[in-house]
1. Got a number for residues in the stretch 193-207 being assigned to a loop (DSSP other than H, G, I, E, B), more than 17 Å from Glu118 (Cβ to Cβ), open to solvent by 10 Å² or more (accessible area, probe 1.4 Å) and among the polar types (S, T, N, Q)?
2. Mind listing just one residue for me: the one in the stretch 291-310 that is in contact (Cβ under 8 Å) with a residue 40 or more places away in the chain and of a type in the set (D, E, K, R) and, of those, surrounded by the most Cβ atoms within 10 Å (Cβ to Cβ)?
3. So which of Gln112, Gln127 ends up being farther than 24 Å from Gly279 by Cα, away from the ligand (no atom under 15 Å from the Cβ) and either more than 21 Å from the chain's Cα centre (by Cα) or not assigned by TED's automatic domain parsing to the domain that holds Glu264 (or both)?
4. Taking the stated definitions as given, is His165 open to solvent by less than 20 Å² (accessible area, probe 1.4 Å) and modelled with pLDDT under 95?
5. Would you kindly identify the helices (runs of 4 or more DSSP H) lying entirely within the stretch 116-192 that contain at least 2 residues that are of a type in the set (Ser, Thr, Tyr)?
6. Taking helices (runs of 4 or more DSSP H) that do not extend beyond the stretch 394-493, which have at least 2 residues that are open to solvent by 20 Å² or more (accessible area, probe 1.4 Å), within 16 Å of the ligand (Cβ to nearest atom) and of a type in the set (D, E, K, R)?
7. Quick check on Glu54: is it of a type outside the set (A, V, I, L, M, F, W, C) and more than 22 Å from the chain's Cα centre (by Cα)?
8. Return yes or no: is Phe27 in the same structural domain as Leu121 (by TED's automatic domain parsing), open to solvent by less than 50 Å² (accessible area, probe 1.4 Å), closer than 22 Å to Pro115 by Cα and within 16 Å of the ligand (Cβ to nearest atom)?
Amino acid sequence: MSHRVLLAALFHETHTFLTSSTPLSAFQQRSGEQLFETRGDGSPLAGVLKVADEADWSVIPIIDLRATPGGIVEDSVFDHFWSTFEMVGGPLLSRGEIDGIYLVLHGAMVTQSLPDVEGELISRIRQLSGAESIPICGILDLHGNISQQTIEQTQGLIAYRNNPHTDACETAERAARLLDRILTTGKQPVSVWGQPPVMWPPTGTGTADDPMRTLELMSREIENAHADIAAVNVMGGFAFADTPDTGVSFAAVTFGDAEFARAEVQRLVEWSIEHQADGNKIDRPLTECLSEIRDDVEAGRTPVIVVEPADNIGGGAPGDTTELLRYLLAEQFTNSVCVINDPESVSQLSDRAIGDRVGLSIGARNSSAFCQPVAAECELVSRSDGRFDLEDINSHLASMCGVHINMGPCAVVKSGHVSILLTSKKTPPFDLGQLRSQGIIPEHCSVIGVKAAVAHRRAYDPITGTTYTVGTAGPCSSDVTTFPWMKIRKPIYPLS
Ligand SMILES: [Zn+2]
């Protein structure tokens, strides 16, 4: 008889310092059989379903809720998720009709009442009748702020190893194979957890550079040296969340001696403390980089990619800060481009003819605490419905959204030599299809403004002439000491 597995997904990275909250309407929702629509779309759900089909599981799909990173999630979102999970899964579990549970989680979701949504979810599942010892496996984003209760109440939550997250689908497959191994052999592994008093901004969590690079290598060595250890997680954490669990953490899944695995995790904890300063990557102010950018453009070292972590859409920022746009408009480099999320400007252009000249007040709709809108005389170049498919199915964006992306109605305008792509839904700049679908050829640009921290690199590194990661004013500043911390555990590096 095939194994019966409950499948559910709850995916949000919550920036708790933003003033706006994230309501249920901001979430893309799938229920029941709709989860099967993700087959083949490069998302983590697609990865699970691939293994489920190969292993002939009988999957009971419950719910998939996911949203772009943003402010604190309203309680109604988790209430809705949990009541659906309990309604569908509860009776099946209590009748003994379920063999395993697979969860697709981000790991950094915070609601108005719950600082550790994932830990609460797993505790509630464990309290359901018949679920006390059901194996729970699944995946975590590398940016989860992961608590002991999340890890140690589950059998195998496996984290992405790459940032940019090019391995989301593959990680989901690996975790599904682990669950299949448990179901087939009847042997349950144990998960152990460890946490240093360390937090790094997103700019410090790229896996091409230290400290993450070495931590990932050490983890692979542990897995390779000890056949009993099925997985070792390195969690970079998500720093823009004021919770007790925020920051770096580690976990190991072992079929062998739990204390041995715990000691290996402790080695990672100690290494991360010794090298904590390497992960505190703070950006040079844009103003300090201006003359170098100018030199690069003049020398043809283009496109110059100017990365703004402070307005990192993938970290919850609104994607509408204007400091860089203001600079590009002043400089007027030929073929420079900036993307600004500005639904009001798009709607203002909705009944204008292509070629019309319109005075716009651009940006700062949701970042007025940090910057002002930019007034510019613009020519309308094009309009679209803002839909595109990823050029790269292993794009970081696929880990969040699958391959079909919707930026909402869009317009491209030009102010002098600067092209501005105006979107209606903030869209992380992790795939070149975003620009190309709107008639902008990234390879031909002189300067491209990118509102990201690290996750854009898979898309942009291959075409980059030179790159600058610059400090601007915005809600995702890499200097985490500037936030008003209240709930985080202390002491924690780099807070004093
Ligand atoms: Zn992430």
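1. So the count comes out to 1.
2. Ranking the candidates gives Glu308 first.
3. Gln127
4. yes
5. On the way: elements: 117-127, 148-152, 168-185.
Counting at least 2 such residues, we get 168-185.
6. The qualifying helices (runs of 4 or more DSSP H) are 457-460.
7. So Glu54 fits the description; yes.
8. Taking the combined requirement at face value, the residue does not satisfy it.
The values are calculated or read from the model by the stated rules, or taken from the named source; none is laboratory data. The structure presented is a predicted model; accordingly, all values stated were derived computationally and were not measured. Methodologically, a virtual Cβ is constructed for each residue, glycine included, from the backbone with ideal geometry; neighbour enumeration extends over all protein chains shown. Calculation scope for accessible area: heavy atoms of the full protein, side chains included, ligands and nucleic acids excluded. Shrake-Rupley method; radii C 1.70, N 1.55, O 1.52, S 1.80 Å.
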